[in-house]
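Chemist: The structure under discussion is supplied below as C-alpha cells; questions concerning it will follow.
The values are calculated or read from the model by the stated rules, or taken from the named source; none is laboratory data. The model shown is predicted, which means the values in this text are computed figures rather than measured ones. Every residue, glycine among them, receives a Cβ derived from its backbone with ideal geometry; neighbour counts consider all protein chains shown.
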Amino acid sequence: MNKAIAIFLALATCAVVVAELPLEGVREVNITTDEVTWLSVDVSPARNTLILEVLGDLYTMPFTGGNATLLTSGMAFDSQPVYSPDGSKIAFISDRDGKEDLWIMDANGENPRNLSDADDDALFASPSWSPNGDHVIVSKSSWGLATYEIWAYHLNGGSGVRITTANKSAARGSRHNALGAVYSPDGKYLYYARKYGGFGYDLRLPIWQVVRRELKNNYEDTLTGSSGGAFRPQISSDGRYLTYGTRANGQTGLRVRDLTTGDDVLLAFPVQRDDQESRFTRDILPNYTFSSDNTEVIYTANGKLWRKRVEDVFKDQHTTALEIPFTVEISKKLGPRLYFPHRVGLAPVKARMIHDLELSPDKQKFAFTAMSAIYVYDRESRDLWRVVEVPGFSAQPSWSPDSEQIAFVSWSDNGGALWTVQASENRSPTRVSTNNAFYSQPIWSSDGESIYVFRGISHEREISGGGFGYPPGTDIIEVNIKDRSLADRVVRHARGFTNQHRGPDEERLYAYLYPGIFRSGTSGLVSIRLDGSDFRTHLTIKGAGIYYDEDEIPVRNLELAPNGQYVLVQHTDRLFLLRTLQTDLARFETSVNDPKLPMLTLMKTGVDHFGWSHDSSVLYWSVGNNIFYRSVADIEANFDCLENNKNSTDDCVDTIQTAESVPDTESMETSTLTHIPVEIYHARHQPKGSIALVGGTVSSMVTDTNNRLENTTILIEGDRIKAIGADVDIPPEAKIVDVSGTYIFPGYVDTHAHFKMYRNVLDPDLWSLRANLAYGITTATDVQPSTVDVIDYGDLVDAGRMTGPRVLSTGPGVFSDHDFESQEHAKSVLQNYVENYGVKHVKAYIAGNRQQRHWLLQASAELKIMPTAEGALDTKLDLTHVIDGFSGNEHSMPVLGMYKDVVELIAQSQIAYTPTLLVVYGGPRGENYFITEESPLLDEKLRNFTPHQLLDSKLRRSFWVHEEDHVFRLQAQQSQKIVQAGGKVGVGSHGQLQGLGFHWELWSFVEGGFSNYEALRAATRHGAEMLGIAEDIGTIEVGKLADLVVLESDPLENIRSSDNLVYVIKGGVVYDADSLEEILPTEGD
C-alpha cells in the first residue's frame, strides 16, 4: 500500500454517532422472486457464502445457491456489499442516517457503523477493501462535483484520504472521474474505470476506459481502448487475471485478460446491461467477483447469478456458464401511500395569483395584475376594481408620482403596447406607444413627464416560442408622456436588467442585473444615469443554488429602498431585509447565508412579488392571491435585537407569524404585519345547451379489456356527458353531430407535460396550449414549470379566456436549495403550495438527502398534497422514491433489465410511473428515432401550431442512432411488465414536441410491447387515475366531463391512428382538430 495513504489513515479519530431515518414503513409488499434487478454480488473468502443486494436490503446465501437469508432490512437503502479479506466484515453503502455514507458491519450483520461522515449531498459507489483489510476505498461524488473521486477510509476512523482528484477548478466536462477502484494484491496499484466529465445525454461511445494507477507516483496507464468503453475492473487475488465490462452490439459483456500472457478473451456475453448512459450511482455494472480460489467469476445476467471457469474461456470462449439458482422472499416495508383524489371542472374560477404588486405613492391603493388584467385595490374603501380592458393581456402596472395615473403594458397577437389610464374606475386607457413591440417593466420619471420602459422586438419574442424574460435586442427607452410629438429615446440596451426601480438618486435608474433562474453569472444591484451613462454596480448578493451548483448563485431578485437605507432580497421562497451602508461602495458582495450587513428574514414560506412605498416607510409583498404589508418602523426593533446580540440571527429571526385579516385604519407608517386576501372570481367556462354525437364507435376505456359500443350516441349537456347508448333520447333543441364511421375515445391525459410558455407578460393565444389541444390532449400536468405563470394559464383556460387543455401543475419544483431543516420547515414550504397556489401535486426535484425527502413526505401526508419526484437518471434514487411513498416518479429508471423484484415493488406500491421515453434514460433519447424516421418537419398540422423557427432548430438536424443502440423500446417493455403486474404507467411527452410528441410517446409504448388497448388506457384512464382526477375524466361515462377525441381511423387496429383526429371535444366544446375552430356551440347558441 502507498506509504502516504497509510500514514494519513493511521492518523484517525473515532467515527461519529448517527441518527435514524424519520419515516417508518406502514405498508408491506411481499415478493417471491428468482430474479433480481441490478444484482450486486460478492463471495466470502471461505467460498461458502454469497452476499446480495436486493431492493436496498442485503441477503446472504450458500455459494451453490438456494434460499437467501435477510441480513439487513428497514427503510434504509443498503447497497454494494463486499466482504473484507478475512471475511469477518462487510463494507457497504447506506443512507440509514439520513444521508449516504460508507458503512461497515460484522459478517453476521451486527455492529454497523459508518466510516465516512460526508456532506449531505454526497454519493458513494463501489466500496473495495485494501489487501490487508485495514481500510476501505470507495468512489465519492456529489451533484455539484459531478464526477467521482477515490477516497480511502480507515476502520479506526478519520475523515478519509482523497486518492484521486476531480480537479474542481476545471470545467465539469473536463474533470477526472474514477469509478470502481480495486487494489492489486500487493497494494502498489489501483485499477479503476476513468473518464472525463460527468453524466450526459445522447452520448457517443467510448466513454470509459480501464486505467492502472501506480500509487507511489500517481501515474495512470490506460489499459484498454475498447470502442464500447471498458469499466468495472476486477483483479484476481493472485494478481493474474483482470476482468472488465465492455459494450458491443448494443449489449454488455465481460472480458478477461491474463496479465502474465497478455491474452484478452470474452468471458461472458451478454451480461447485465451497463449503466454508462445514466448517473451510474451504483457503478457502471453491479459488483461481480472472482471466487476465492480465482478459478471462477460470479456475475449477473438476465437477473440471475452465473459462474464460469476462467481457465475454460481461454480454451473456448463459448463455454457454458453454470447458473447459481436462488430464491428471495422479500418482505419490504413502504411509507404511506400519498394519494388524494380530487375533483376538476367544478365551481367558479378563483384567481390564484396576483402579480406585479405596486403601492401608490400616496399609499392609498395597490395596483396589480390578476388573470392578465389590471386591478386596483383601495385600502380605505376596500373596493376592488378592474381597469378597462385593452386588446390582449395586460400586465405590470406602475403608478405615476402623483398617484393619479397608472402605466401598464399589454401583449396580443398584434404585438405589444404601452398604456396609461387615470387611476379611477371605468376610465379608458390611452395607448402611448407608437410601435407594436414587446414592452415590459414600465417606470415613471420622478416628474411624471416620462415613462422608462423596456422595448423588445415582437418578432424575436414570437420566434422564441416562450422564455423567462424579454427577447434579444431589447432596449430601455424613454417615452415622453407630456409631449407625444417627441420620438421615443433609446436610453441603453437592457442586457440582463430586470426589476427596474427608483432609488435615492432621482437622476438614476436602478435595476437588478440577473443572469436568469438557476444560473450563475454576473449579477447585482446596478444603476445608470437617465441618459444611459455611468453604469455602476452597487451590491451583489448570493444564496444557495440547487442540486448541481457547487457555489452560491445570484439571489432571485432584489430591490433597493428609495431612500437607499435597505434592500429587499428574494431567494427561493424567502424574503430578506438587508440594511445597507449608505455609501457608494462599488460591487460590495454578501450572502443571505452569511450576511456581512444586518439582515432579517421577513418571510420563510413563499413570496412572489415585493416592493417599497415611495417614501421607504412601508414594504409589501404578495404570495399567491394575498397581499402583505408592514411598516419599516415596526421592523426596526429587530435590527436593534441584532445589534444587541452581536449580529446573531438566532434570536432575531423576524418571520411571518400572524397578520391582520384586513387592513386597519391605522397609518401604514406604523402598521404591523397586515394581510389583504384578494378574491377575484370568474365564471368557469361552460357551454350551454346540448350536443349529440351520433353514430360513432365508442371505446369508453372503463374496463381493462376493450368493450366498445357500436353505432352509439353520446349526449352532452353543458360540459358533461348526459347519456350514452344506442337509443338515447335526444332533446329536440340538441345540436346533432354525425360521427358515423369514426372512433371515439376519452380525451388524452399527459402526465408529464412541459408547456413552452411566455412568462411575466402572458400570451392570450399561447401556441403550446393550442397545439396540445389540437392533438387531442385535453388534460395535461406541467411538473416543475420553474415559475408560477403556468398557474395563471390554467386559470385563464378554465375561465374561457384562452383555448387549451386543462392545465394542471405542481407549481415550481421543490429543489435542494430549500435545504429543509425539519419536518416543520418542509411543511411551511408545502403549505404555500396548498394554501396560496392551490395545487394538488408538488414536484420534489432532487429535494435533498433521504432525511430531507422524508420530511417532505411527512409534510405532504399532513397537508394532503401528492408529491411526485424527478427520476434524475438514478435507479437507486428512484427505488427510494417508491419505497418512501412518493405519489409519482417522472422519467424511466435508467437500468435496462428490470426484473420481478422491481416490477412488483412498483406495481404493488401503486406509484404513478411515467417513463417519458422521448427523453429516455439509459440510452439515446427516443425522440431521435422519430425525428429521423418520421420527417415531422413536413407535417402541415405541426407547422400550423408551432413557430417554424422552433421546428427548424429541433428537426432539421438531429442525433442519428443505430437501431441496436436505441433503448426506448426496452424501457417500454419494462413499463409493460409493471402494467401486467397491476401497476399504473402514464404517457408523458415532456414538452419535446408540443402535441405530436404525446403521440410519439404513445406509439413508443406499442413499439415496446404494449397492446394498442393497454397504450390507449395508459393515455386516458390510467393517466387520470394517476393524477387523482378519475372521478371527472379519463373514461367515457355519464356524469363525467365531456373530454373526447373523435378519430377518423381506429387506433386499436393501428396505434398510428391516434393522431388522425376529426374533432377534439373538451368540456363540451367541439373543436375542428385541424384548425381548432370551435364547431359547437356556435356564438349564437
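Chemist: Identify the residue in the range 1038-1083 that is small (Gly, Ala, Ser) and in contact with a Pro (Cβ under 6 Å, 6 or more places away or on another chain) and, among all such residues, is farthest from Thr779 (Cα to Cα).
Modeler: Among those that are small (Gly, Ala, Ser) and in contact with a Pro (Cβ under 6 Å, 6 or more places away or on another chain), it is Ser1057.
Yes/no matrix, rows are residues, columns are (1) under 30 Å from Val807 (Cα atoms); (2) outside the structural domain of Gly228 (by TED's automatic domain parsing); (3) of a type in the set (S, T, N, Q); (4) free of Cβ contacts under 8 Å to residues at least 40 places away in the same chain:
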position	(1), (2), (3), (4)
Arg957	no, yes, no, yes
Trp960	no, yes, no, yes
His966	no, yes, no, no
Leu970	no, yes, no, no
Ile978	yes, yes, no, no
Gly983	yes, yes, no, no
His990	yes, yes, no, no
Gly995	yes, yes, no, no
Phe998	yes, yes, no, no
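Chemist: Here's another thing I want to ask about it. Could you list, in sequence order, the residues of the range 399-422 that are modelled with pLDDT of 95 or more and in a loop (DSSP other than H, G, I, E, B)?
Modeler: Answer for the range 399-422, where residues must be modelled with pLDDT of 95 or more and in a loop (DSSP other than H, G, I, E, B): Ser400, Pro401, Asp402, Ser403, Glu404.
Chemist: Taking only pairs six or more apart or across chains, which ones have beta-carbon atoms under 6 Å, a first residue in the range 169-196 that is more than 14 Å from Trp129 (Cα to Cα), and a second residue that is among the aromatic types (Phe, Trp, Tyr) and at pLDDT below 95?
Modeler: That search, which allows pairs on different chains as well, returns nothing.
Chemist: Check the range 1069-1081 and report whether any residue there is within 30 Å of Gln910 (Cβ to Cβ) and either surrounded by fewer than 19 Cβ atoms within 10 Å (Cβ to Cβ) or β-branched (Val, Ile, Thr) (or both).
Modeler: no
Chemist: I would also like to ask the following. I'd like to check something: does the range 911-928 contain any residue that is farther than 30 Å from Pro270 by Cα and either assigned by TED's automatic domain parsing to the domain that holds Ile883 or at pLDDT below 95 (or both)?
Modeler: yes
Chemist: Given the options Asn772, Asn836, name the one that is touching a strand residue (DSSP E or B) at 6+ places or on another chain (Cβ under 9 Å) and farther than 23 Å from Asn889 by Cβ.
Modeler: Asn836
Chemist: Consider the range 220-251. How many of its residues are under 18 Å from Pro127 (Cα atoms) and either among the aromatic types (Phe, Trp, Tyr) or in the same structural domain as Leu896 (by TED's automatic domain parsing) (or both)?
Modeler: Final tally of qualifying residues: 2.
Chemist: Which of the residues belonging to the range 898-922 are of a type outside the set (Ser, Thr, Tyr), at negative phi and assigned to a loop (DSSP other than H, G, I, E, B)?
Modeler: Met898, Ile911, Pro915, Val920
Chemist: Mind listing whichever residues of the range 558-604 are buried (at least 20 other Cβ atoms within 10 Å of the Cβ) and polar (S, T, N, Q)?
Modeler: Gln570, Thr572, Thr580, listed by residue number.
Chemist: Also, quick follow-up: I want to confirm something. Restricting to the range 424-472 and keeping residues that are charged (D, E, K, R) and in contact (Cβ under 8 Å) with a residue 60 or more places away in the chain, which single residue is surrounded by the fewest Cβ atoms within 10 Å (Cβ to Cβ)?
Modeler: Glu462
Chemist: Then there's this: Select from the range 587-616 the residues that are touching a strand residue (DSSP E or B) at 6+ places or on another chain (Cβ under 6 Å), part of a loop (DSSP other than H, G, I, E, B) and small (Gly, Ala, Ser) and list them in ascending order.
Modeler: Across the range 587-616, the qualifying residues are Gly606, Ser613.
Chemist: Okay, moving on. Please determine whether any residue of the range 472-485 is within 25 Å of Leu600 (Cα to Cα) and hydroxyl-bearing (Ser, Thr, Tyr).
Modeler: No, the conditions are met nowhere in the range 472-485.
Chemist: May I ask you to list the residues in the range 1052-1076 that are assigned to a loop (DSSP other than H, G, I, E, B) and either out of contact with any Phe, Trp or Tyr (no Cβ under 7 Å at 6 or more places or on another chain) or among the aromatic types (Phe, Trp, Tyr) (or both)?
Modeler: Glu1053, Asn1054, Asn1060, Gly1067, Gly1068, Asp1074, Ser1075, Leu1076
Chemist: Sticking with this one: Need a quick list: strands (runs of 3 or more DSSP E) entirely within the range 79-177 having at least 2 residues that are in contact with a Pro (Cβ under 9 Å, 6 or more places away or on another chain), crowded, with 17+ Cβ neighbours inside 10 Å and modelled with pLDDT of 95 or more.
Modeler: Once the strands (runs of 3 or more DSSP E) in the range 79-177 are filtered for at least 2 residues that are in contact with a Pro (Cβ under 9 Å, 6 or more places away or on another chain), crowded, with 17+ Cβ neighbours inside 10 Å and modelled with pLDDT of 95 or more, what remains is 89-94, 101-106, 122-129, 135-142.
Chemist: Would you check which residues across the range 509-553 are surrounded by fewer than 15 Cβ atoms within 10 Å (Cβ to Cβ), more than 19 Å from Gln570 (Cα to Cα) and without any contact (Cβ under 8 Å) to a residue 60 or more places away in the chain and list them?
Modeler: Those that are surrounded by fewer than 15 Cβ atoms within 10 Å (Cβ to Cβ), more than 19 Å from Gln570 (Cα to Cα) and without any contact (Cβ under 8 Å) to a residue 60 or more places away in the chain: Asp531, Ser533, Asp534, Phe535.
Chemist: Okay, moving on. Given the criteria at pLDDT 95 or above, assigned to a helix (DSSP H, G or I) and surrounded by 23 or more Cβ atoms within 10 Å (Cβ to Cβ), does Phe1010 qualify?
Modeler: The answer is no for Phe1010.
Chemist: Contact list please: Cβ distance under 7 Å, first residue in the range 601-620 and closer than 15 Å to Ser360 by Cβ and at pLDDT 90 or above, second residue in a strand (DSSP E or B) and among the polar types (S, T, N, Q), pairs at least six apart or on different chains.
Modeler: From the range 601-620, the pairs are Ser617/Ser631; Val618/Ser631.
Chemist: Please go through the range 245-278 and pick out each residue that is part of a strand (DSSP E or B), touching a residue at least 40 places away in the same chain (Cβ under 8 Å) and under 21 Å from Asn294 (Cα atoms).
Modeler: Gly245, Leu254, Val256, Asp258, Val265, Leu266, Leu267, Ala268
Chemist: Looking only at residues in the range 834-848 that are crowded, with 23+ Cβ neighbours inside 10 Å and free of Cβ contacts under 8 Å to residues at least 40 places away in the same chain, which one is nearest to Asp121 (Cα to Cα)?
Modeler: Ala847
Chemist: Look at Gly997 and say whether it is more than 20 Å from Arg1056 (Cβ to Cβ) and within 21 Å of the chain's Cα centre (by Cα).
Modeler: No; evaluated as a whole, the condition is false for this residue.
Chemist: How about the range 424-451: which of its residues are of a type in the set (Phe, Trp, Tyr) and out of contact with any Pro (no Cβ under 7 Å at 6 or more places or on another chain)?
Modeler: Of everything in the range 424-451, just one residue is of a type in the set (Phe, Trp, Tyr) and out of contact with any Pro (no Cβ under 7 Å at 6 or more places or on another chain), namely Tyr439.
Chemist: For Gly198, only one of the following conditions fails: (1) in contact with a Phe, Trp or Tyr (Cβ under 7 Å, 6 or more places away or on another chain); (2) not in a strand (DSSP E or B). What is its number?
Modeler: Against the list (1) in contact with a Phe, Trp or Tyr (Cβ under 7 Å, 6 or more places away or on another chain); (2) not in a strand (DSSP E or B), Gly198 comes up short only on (1).
Chemist: Give me a count of the residues in the range 666-714 that are over 22 Å from Tyr748 (Cβ atoms), over 40 Å from the mean Cα position of the chain (by Cα) and outside any loop (DSSP other than H, G, I, E, B).
Modeler: 10
Chemist: Kindly establish whether Gly180 is closer than 20 Å to Thr281 by Cβ and at pLDDT 95 or above.
Modeler: Yes, satisfied.
Chemist: Where residues in the range 723-734 are in contact with a Ser or Thr (Cβ under 7 Å, 6 or more places away or on another chain) and not in a loop (DSSP other than H, G, I, E, B), which of them is surrounded by the fewest Cβ atoms within 10 Å (Cβ to Cβ)?
Modeler: Gly725
Chemist: Considering only strands (runs of 3 or more DSSP E) fully contained in the range 423-508, which possess at least 3 residues that are polar (S, T, N, Q) and closer than 18 Å to Ala407 by Cα?
Modeler: The qualifying strands (runs of 3 or more DSSP E) are 497-501.
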